[in-house]
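S.K.: Below you will find the structure I want to go over with you.
Only the coordinates and a few stated rules stand behind these numbers; no lab work does. Since this is a predicted model, take the numbers as computed values, not measurements. Note that each Cβ is placed from the backbone with ideal geometry, even for glycine, and that neighbours are counted across all protein chains shown.
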């Protein structure tokens, strides 16, 4: 039984805790840490034997913790990954790998120096059946070479502190990793464009919506619409234009309601619930890989986290310059191939 310690039990961390305790086989949570001690203790009350450890570094070093799940504030991820790598413990880290590309590279270098892949990044769309189907179709070549892709990430609303930086590092980063994985390429250019701003933006430092334009090393162009106060629902879209046809992400199944001369499909504002199945599959894959003292080849690696960080850094530069910014990425090291 894999003994897991979780750092961060806010909204997502709590869901991961419940998932590991109730839906995932081969693992149990033995300790949690969070800056909100009262909430953390409330979460673990129904589960005998789960301890609260105030100091996250102490949790990582605890003898009754085999593997670490990091769901804490973005700025802490680098430190906690480096400490867990030092102890050669398996790591599941929610995005981002670090708050900067420089920090992400430190984590990558530490993992390679240790000689073993221990980190799985929480880019869960790689485990979503619809995205997998879309990727398989694109990779098969049956539609010819991919030329252009359009994707959208829309949230009904976000808290007031959400700003331009988080629009990229907290939202666009999902599209950045997903599209790189889907088309099997990395980015060389990035630009962020600010369209007319919605009246629902709650922060003068947030332009909403935003358009992120990405160019891959093969010349493919990807447009990403980031709209975090769209009001109506959580809505994820993707279409890939290929030489001989197009492939579009299927809509998630919802009940079709007919009433009073109208025909509607239900939607949701719950992003965690929208991708619940993929989260479950993702965590089971991580636990199984840990049990076999290996890594999950289907998952995002520390290198993928680094690539996402380099790309988001370039997007942040473009937010300020308005220009097309270079994305200084290179081919994947052999350590992260296979």
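S.K.: How tilted is helix 77-86 with respect to the longest principal axis of the chain? Cα atoms for both, answer in degrees (0 to 90, nearest 10).
M.R.: 50 degrees
S.K.: At 222 nm, what value in deg cm²/dmol follows for the chain if DSSP H runs of at least 4 each add -39500 (n - 2.57) and the sum is divided by all its residues, to the nearest 500?
M.R.: After summing the helix terms and dividing by the residues of the chain, the value is -10000 deg cm²/dmol.
S.K.: To the nearest 10 degrees, how steeply does helix 276-291 sit against the main Cα axis of the chain, on a 0 to 90 scale?
M.R.: Long axis of 276-291 versus the principal axis of the chain: about 40 degrees.
S.K.: Taking the Cα of residue 269, stepping 7 Å toward and past its beta carbon, and measuring to each backbone N in region 200-222: which are under 19 Å?
M.R.: Residues passing the 19 Å test: 200-203, 208-209.
S.K.: Just how many % of Cα pairs in region 96-227 lie over 21 Å apart, if you round to the nearest whole percent?
M.R.: Distances greater than 21 Å cover 51 percent of the Cα pairs.
S.K.: Turning to a different aspect of this structure: Could you check the simple spin-label distance between residue 109 and residue 137, using points 7 Å along Cα→Cβ, in nm with one decimal?
M.R.: Label-label distance for residue 109 and residue 137, simple model: 4.3 nm.
S.K.: Sticking with this structure for a sec: How far, in nm, would the chain grow between residue 204 and residue 334 when pulled straight, counting 0.36 nm per residue and subtracting the alpha carbon separation?
M.R.: Once the chain is fully extended between residue 204 and residue 334, it gains 42.4 nm.
S.K.: Cα centroid distance between region 27-79 and region 278-305, in Å?
M.R.: What the calculation gives is 20 Å, centre to centre.
S.K.: How many percent of all Cα-Cα pairs in region 10-58 sit more than 14 Å apart?
M.R.: For region 10-58, the fraction of Cα-Cα distances above 14 Å is 48 percent.
S.K.: Okay, moving on. Suppose the chain between residue 193 and residue 237 were pulled fully straight at 0.36 nm per residue; how much longer would it get relative to their current alpha carbon spacing?
M.R.: 13.9 nm
S.K.: Consider all pairwise Cα distances in the chain and report the whole-number % of them above 32 Å.
M.R.: Percentage above 32 Å: 30.
S.K.: Report, in degrees rounded to the nearest 10, the 0 to 90 angle that the Cα long axis of helix 11-22 makes with the longest principal axis of the chain.
M.R.: Tilt relative to the chain: about 60 degrees.
S.K.: Using the Cα atoms of region 1-101 to build a convex hull, what is its mean projected area in square nanometres?
M.R.: Averaged projected hull area, Cα only: 5.9 nm².
S.K.: Please report, largest first and rounded to whole Å, the three semi-axes of the ellipsoid equivalent to region 247-338, where each semi-axis is the square root of five times an eigenvalue of the C-alpha gyration tensor.
M.R.: Equivalent ellipsoid semi-axes, largest first: 35, 26, 11 Å.
S.K.: Rounded to the nearest angstrom and ordered from largest down, what semi-axes does the equivalent ellipsoid of region 183-311 get from its C-alpha gyration tensor (root of 5λ)?
M.R.: After scaling each eigenvalue by five and taking roots: 29, 25, 18 Å.
S.K.: Let me understand region 110-159 better: what is its radius of gyration from the alpha carbons, and its Dmax, in angstrom?
M.R.: Rg then Dmax for region 110-159, in Å: 16.7, 43.
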